[in-house]
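Visitor: This is the structure, below, for whatever I ask next.
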Amino acid sequence: MTSTSPGGPPILLTRSVALSYGLVAAALIATAWLHLGTLLVTVLFSLFALHSFYFRRRRWLAVTLFLVLVVAAFFGSGIFFHKAVRDLPKLVADSVPKIVRFADSHNIDLPFSDLDELKEAAPQMVRESIGYLGNFAKIATKESLMVLAGIVIAIGIFLNREPPDAPENLYTRYYTAIRDRFSSFFHSFQTVMGAQLLISLINTVATAAFVLLTPLLPYGGIVVPLTFLCGLIPIVGNLISNTLIVGIAFGLVSPQMALGALAFLITVHKMEYLLNSKIIGGRIRQPMWLTLVGLILGHFCMGIPGVILAPVILNYLKVEGSRYAAPNRDTFQTVEA
């Protein structure tokens, strides 16, 4: 079988190419089986950043800028978590009484009636999730090591220069095919996450403007970073950040403020539909139902890293599958005869 490459001659589906596809599939299966999703996502994100900083053929300059970005990200994460730990208890203490009063006035049953009962209910919720929370430190340490390892691996891959041209032999043929398949997978990641990153930035800027002009300003340090981070997760990320914003507006200000926040978010996302069709749709062109199925399967196999990788894998399958011309009906009739 041959494949059609735009602007170039047909590409043969040789044994080396078939093996390279098998290795990509095996790598993804092993990533899910060994719970290495964080490692793979970190490598891909790091390579994405390194290639973004790469100009004038100065790889070490790109690495330096990338390491500065990593240090700044870790420092910013520390500030964010410190602020979240400090402000979230105050947020709960301020919002719960208003939520209780609103529920009482509208005959809505809640599992608690005041902050004291919420404090009593919290240990029960903790006990119900004790299997996860008991291993939280272990999980956090493991994920941190995965992130650091992914950064080191990505830098190593980025600094590894292409080998000089050599006479074709069995090794170079298989090496080239395997390199091309994994390079194609990375380009799919660049396409998907580049579009998703742009959409997340636009959504974050709009949300930041809304927060700065409303009584939600004191909690902007929590809302705005979460909006950006959640925006990197396709589809469901915006639902998480929107729920947080509306909940804070309802608990800290008023139900009218919550309705205003909801109306604003709906307006922003309606505008994002146009951006999605222009930015993401123009690059990926995947139907919504297929993306949702991919997100569900990705979460089942790898958790959050699987949700991030699902659109990438779908785009990779589409790009690679589009390179090969389907056999015509006459070919099938000949084979059947």
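Visitor: Are any residues in region 210-230 of a type outside the set (A, V, I, L, M), surrounded by 18 or more Cβ atoms within 10 Å (Cβ to Cβ) and modelled with pLDDT under 75, and if so, which ones?
Guide: Tyr219
Visitor: Take the residues of region 12-33 that are among the β-branched types (Val, Ile, Thr) and either touching a Pro at 6+ places or on another chain (Cβ under 8 Å) or part of a helix (DSSP H, G or I) (or both): which is surrounded by the fewest Cβ atoms within 10 Å (Cβ to Cβ)?
Guide: Result: Ile29.
Visitor: Take region 34-53 and flag every residue that is without any contact (Cβ under 8 Å) to a residue 60 or more places away in the chain and either hydroxyl-bearing (Ser, Thr, Tyr) or part of a helix (DSSP H, G or I) (or both).
Guide: Ala49, Ser52, Phe53
Visitor: Filter region 284-337 down to residues that are among the aromatic types (Phe, Trp, Tyr) and modelled with pLDDT under 80 and give me whichever is surrounded by the most Cβ atoms within 10 Å (Cβ to Cβ).
Guide: Just the residues of region 284-337 that are among the aromatic types (Phe, Trp, Tyr), to begin with: 289, 300, 316, 324, 332.
Subsequent filtering for residues that are modelled with pLDDT under 80 retains 289, 324, 332.
Values: Trp289: 8, Tyr324: 15, Phe332: 10.
Only one residue tops the list, namely Tyr324.
The values are calculated or read from the model by the stated rules, or taken from the named source; none is laboratory data. The structure presented is a predicted model; accordingly, all values stated were derived computationally and were not measured. Ideal geometry is used to build each Cβ from the backbone, glycine not excepted, and the neighbour counts take in all protein chains shown.
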